[in-house]
Each structure stands twice: as structure tokens, then as C-alpha cells.
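FYI, it's all coordinate maths here, none of it is from the lab. Predicted model only: the values in this text are computed from it and were never measured. Cβ coordinates were reconstructed from backbone atoms using ideal geometry, including for glycine residues, and neighbour counts include every protein chain displayed.
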């Protein structure tokens, strides 16, 4: 279906000043964040978790990173599906990406940097380690808002303790004449929460529940916060995991940074979220087992994949 250009994602203010200004502000944020996840599966968050100069400097580093020789970039390998270097390939030939697993861990960041820049790049390590940890704090705050909204805040500490973060750096080049403009095909994310930051080049589109697509414009100091399949399963289907895609419009190279939260423990729907109106949809499952299951299918988009993998 065509884009519904008259509809926009909710823009939610999650600055420290708002969230610390009193109980009413926190309660309001809790309600609108949860509603956004249920209706759209994502929203735009305006925040102050890290200064704009940090992200500007980081995107400058990404240009240098992707300009490295291919023989260096392919050293970014992993046994975990959806991790490691991804080169352009048929049908997604505008897309190229690299990944840091356990991205809030300084040693993991240094290992990646040493592979890419054997002569050292301390600036990248310091910059990115700060960035990843600040984004992780935003992720924890957002999940806390939703856990509280559903009355299951007693599980939040355990959830936070089980989370690990993978960060993917992505470059989408401008399509050449007569070349398809698909940056990445429609898909849902396979994790708990994704926090996405981009440079000034737009291209992200999200599918609404009615099947129409809406383009996403990033206001200054904003990120898109998106629910993945695992979050939807945990919530017993209350949270929506939206299909999204990237369409390149020929307005310059697009760089984005996607921080994905994954659960190391079994994902289990809280008993409080199961009742006559909401019968249990999914059995407890292993988040990384779900990734391995999906990796057996080339396009990663098995219809009703979560139901096939662990549906009741």
C-alpha cells in the first residue's frame, strides 16, 4: 500500500526535566508510551540522554569506518545470527552494516575498534562507549514505563539484569539511475526494544495496522524507539511489533545506528498479563534460539514466525 503522508508517529518528550518534574509527568509519560507501543509499535522520543555533538561526532566516525577496505570490514564476524558484517547483496544492494555485540561493555568496543583500526582509535572507543551506555539508560527507562503501566514492575529489575545490547552501524548508499531504491525490505525486529538514531537523511517508513505506510521524520535530538517481536510476545500480544523498511530517495547517503536489546534469560509472559480476554499466546522461549530458528530461512520473514516458533 502507498504511504499515508497525513499520519505521523507520536512524538514523546522523554527529557530528564519532564520525567523528574513530578509524579503526574511520569504517569503521563507511562500512559502515552504504552499506548504508542500498542497502537503503532513505535514512537519518536525527544530526549537529552547525550549531547547532539556526541552523535554528530559519531556519525563522522561512521563515514571513516565504512570507507575502510573490504578485507578489514569482513573481520567483523560472529556466531550469532544478525551479527557481524553484512555486505550489499541482491535485492538489498544499497545496504551495508557492521555490528558490536555486548556494546555497553568497553572491552567489546575496544575489540571491534582494534579489528578495524589496528593503529588504535581511542576517540571512537570513548565516544561510542559513552553513546551505547546512554542509549541503554533510555532503553531501561522506556521498559520501566511499560512494566509499570501493566502493573508488573516487580519483574523489571530481573528483566534489566537479563538484557544485553547489540549495536548495528548501517550505511545506505544513494541508488544509481535505474537502480531499485530499496534500502532494506519490510521486516519486524527480532529483539525486545530497538532504539534508532540517524543522520540528516530520512528513509525509514513504518507500516500501520491498516497496512498503509508512513514516512518517519526525525526532529532534532530525537530517536525512534521500536518494539520487536520479543517485546510483543512478552506482553502477550498487547505491544505491536511493526513492519518497517528503508526507501532511499536519492538525497544523500544515509547512516543509522540501531541499538537492539536482547534477553539472555528465557522470555516469559507475566501471569498478570494472562486472563480470559488475553489467553496465553506464547510459551517461554529463548531469544537467541528464536534468532537461530529464523536464520534457517533466507529472507528472515517466515509468516507468523513467533507463533510458529513458540506459539501455544
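For the chain, calculate the relative contact order in percent as a whole number, restricting contacts to Cα pairs under 8 Å that are 6 or more residues apart.
Numbers: 583 pairs, mean separation 66.7, N = 312.
It rounds to 21 percent for the chain.
What are the semi-axes of the equivalent ellipsoid for the range 178-262, taken as the square roots of 5 times the Cα gyration tensor eigenvalues, largest first, in whole Å?
Numbers: eigenvalues 109, 45, 25 Å².
After scaling each eigenvalue by five and taking roots: 23, 15, 11 Å.
With both labels modelled 7 Å from their Cα along Cα-to-Cβ, the residue 111 to residue 268 distance reads 3.0 nm. The modelled label-to-label distance between residue 210 and residue 25, using points 7 Å beyond Cα along the C-beta direction, is 3.5 nm. For the pair residue 63 and residue 122, a Förster radius of 25 Å applied to the C-beta separation gives a FRET efficiency near 0.85, rounded to the nearest 0.05.
Calculate for the chain the 222 nm mean residue ellipticity that helices alone would give, adding -39,500 (n - 2.57) per DSSP H run of length 4 or more and normalising by residue count, nearest 500 deg cm²/dmol. Let's see the in-between values first.
Details: 10 runs with 106 residues, N = 312.
Here the helix-only value at 222 nm equals -10000 deg cm²/dmol.
Model label points for residue 251 and residue 38, set 7 angstrom from Cα along the Cα-to-Cβ axis, are 3.3 nm apart. Based on C-alpha pairs under 8 angstrom that are at least 6 apart in sequence, the range 67-153 has a relative contact order of 19 percent. Extension gain, residue 80 to residue 180: 0.36 nm times the residue separation minus the Cα-Cα distance gives 33.0 nm. From largest to smallest, the equivalent ellipsoid semi-axes obtained for the range 11-266 from the alpha-carbon gyration tensor read 29, 22, 18 Å. One decimal place: the segment residue 71-residue 140 gains 21.2 nm when fully extended, by the rule 0.36 nm per residue minus the C-alpha distance.
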